[in-house]
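Trainee: Before I ask anything, here is the structure I am working with.
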Amino acid sequence: MQLKDVLIKNGFHFNKRYGQNFLTDTNLLRSIVDRAGITSEDTVIEIGVGGGTLTRAIAEKAKRVIGFEIDRNLQPVLSETLSGLENVEIIFKDVMKMPTEEIEQIVGGRFSVVANLPYYITTPILMKFIEESDMVDGITVTVQEEVADRLCAKAGSSEYGAITASVDAVGDAEKIMRIDRRMFYPAPNVDSAVVKIALNKNKHLIEDLKAYRAGVRCAFLSRRKTLVNNLMMSFKVDRSTAEDIVTAVKGDVMVRGETLTTEDFVALSNQILLKNLKF
Ligand code: SAM
């Protein structure tokens, strides 16, 4: 039976608040899991299982799938769509309200994340798994195309932002597929794309990730202001201290934060530590 029929049969009503746009094309779903590089050794967590179509495609490849879903009304639907799968476990909880350690305990080892993310919490979910856990090997997520472009942007471009620099500090993001809005049920107003993030916490020599993130936050505090001005605002330092820092990082006191590359942000975080700034 098609997912649409199972949803209708169970009297399921879409809840817009939860960003419920489901993927139903089996070939597309299989190709997402293939491109994610999931193998029979992998434990995968899926955020937002919806009707279970992606879950089934992951379960065909992975050792184990643990899916999280906020909407309990999907329970009868999932009992049908996931029946017969022995390696799947569904947890009906709001993933944003779960401490990361609790998720790690449930999984009990290293894991990958594969998900078609609810659009209203894309960034917080990504940051949760990128910043708060050391157990994640890789993340492959379907997101709105605009977010995908931000994740993979080059320094200085209009798409480049705090999320780009935060992700690039610890991994490599790559847009691996576009998905036309008509592939979703119901169809949203924008197209989507799949982004694969390979995590490598040793990619850069960052002494203190918290200082790095404080530098990133400061640089994008106001895009129109120079980095010197943003430093003065963020860290309550005088102009000459801020100018010293920017000269050490970029050699030009007029630069704006959005032109800083990941290497520059590493240098900025070292300056934050050197000058003992409060963050
Ligand atoms: N994985 C399915 C698919 O690809 O068809 C559904 C994807 S749909 C874009 C996002 C799903 O995330 C919805 O089923 C929604 O109910 C669920 N969701 C939204 N917020 C959530 C949260 N805070 N925690 C867990 N699941 C959530």
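Trainee: Considering every Cα-Cα pair within the stretch 209-274, what fraction, in whole percent, is farther apart than 16 Å? Please list the in-between numbers first.
Mentor: On the way: 669 of 2145 pairs.
Across the stretch 209-274, Cα pairs with separations above 16 Å total 31 percent.
Trainee: How many percent of the accessible area of the chain is carbon or sulfur, using a 1.4 Å probe?
Mentor: Carbon and sulfur: 47 percent of the exposed surface of the chain.
Trainee: Right, another one. Measure nothing but the geometry: give the 0 to 90° angle between the long axis through the Cα atoms of 209-219 and the longest principal axis through the Cα atoms of the chain, rounded to 10°.
Mentor: Approximately 70 degrees, to the nearest ten.
Trainee: Let me check I've understood the local charge: for ASN87, count other residues with C-beta under 13 angstrom from its C-beta, Lys and Arg +1, Asp and Glu -1. What total comes out? Mind showing how you got there, number by number?
Mentor: Details: positive: ARG56, LYS61, LYS63, ARG64; negative: GLU41, ASP42, GLU46, GLU60, GLU86, GLU89.
Neighbour charge sum, excluding ASN87 itself: -2.
Trainee: How long are the semi-axes of the equivalent ellipsoid of the stretch 136-250, taking √(5λ) for every eigenvalue λ of the Cα gyration tensor, in whole Å from largest down? Walk me through the intermediate numbers first.
Mentor: Details: eigenvalues 215, 60, 20 Å².
Computed over the stretch 136-250, the values are 33, 17, 10 Å.
Trainee: What's the whole-number percent of alpha carbon pairs in the chain lying beyond 24 angstrom? The partial results should precede the final answer.
Mentor: Details: 20615 of 38781 pairs.
That fraction is 53 percent.
Trainee: Let me ask something else about it. Can you pull out the GluC sites (Glu not before Pro) in the stretch 28-66 whose DSSP state is coil and whose Cβ has at most 13 other Cβ atoms within 10 Å? Don't skip to the answer; put the middle values down first.
Mentor: Numbers: sites: GLU41, GLU46, GLU60; in loops: GLU41.
Listed in order of number, the matching sites are GLU41.
Trainee: What is the local net charge at GLU145, summed over the other residues whose Cβ is closer than 11 Å to its Cβ (Lys, Arg +1; Asp, Glu -1)? Display every interim value, and only then the final one.
Mentor: Values: positive: ARG150, LYS175, ARG178, ARG181; negative: GLU146, ASP149, GLU159, ASP180, ASP191.
Net charge in that neighbourhood comes out at -1.
Trainee: While we're on this one: Among PRO76, CYS152, THR26, whose Cα sits farthest toward the positive end of the charge dipole of the chain (+1 at Cβ of Lys/Arg, -1 at Cβ of Asp/Glu, about the Cα centre)?
Mentor: CYS152
Trainee: Can you compute the FRET efficiency between LYS4 and GLU132 using 1/(1 + (r/R0)^6), with r the Cβ-Cβ distance and R0 = 51 Å? Round to the nearest 0.05.
Mentor: Details: r = 36 Å, r/R0 = 0.71.
Efficiency computed from Cβ-Cβ geometry: 0.90.
Trainee: Give me the net charge of LEU221's neighbourhood, meaning all other residues with Cβ under 12 Å from the Cβ of LEU221; Lys, Arg count +1, Asp, Glu -1.
Mentor: Here the charged neighbours net out to +4.
Trainee: Restricting to Cα pairs below 8 Å that are 6+ residues apart, what does the relative contact order work out to for the stretch 209-274? Please round to a whole percent. Kindly include the intermediate steps, with their values, before the conclusion.
Mentor: Working: 73 pairs, mean separation 26.9, N = 66.
Relative contact order of the stretch 209-274: 41 percent.
Trainee: Within 10 Å of each candidate Cβ there may be at most 14 other Cβ atoms; applying that plus a DSSP loop requirement, which trypsin sites (Lys or Arg not before Pro) in the stretch 21-69 survive?
Mentor: Values: sites: ARG30, ARG35, ARG56, LYS61, LYS63, ARG64; in loops: LYS63.
Hits after loop and neighbour filter: LYS63.
Trainee: Here is a follow-up. Normalising by the residue count of the chain, find the relative contact order in percent from Cα pairs under 8 Å and 6+ residues apart. Before the final figure, lay out the partial values.
Mentor: Working: 463 pairs, mean separation 40.8, N = 279.
Relative contact order, the chain: 15 percent.
The values are calculated or read from the model by the stated rules, or taken from the named source; none is laboratory data. Everything quoted here is computed from the prediction, not taken from an experiment. Backbone-built Cβ (ideal geometry, glycine too); neighbour counts: all protein chains shown. Keep in mind that these areas ignore ligands, DNA and RNA; they rest on the heavy atoms of the full protein, side chains included. Shrake-Rupley method; radii C 1.70, N 1.55, O 1.52, S 1.80 Å.
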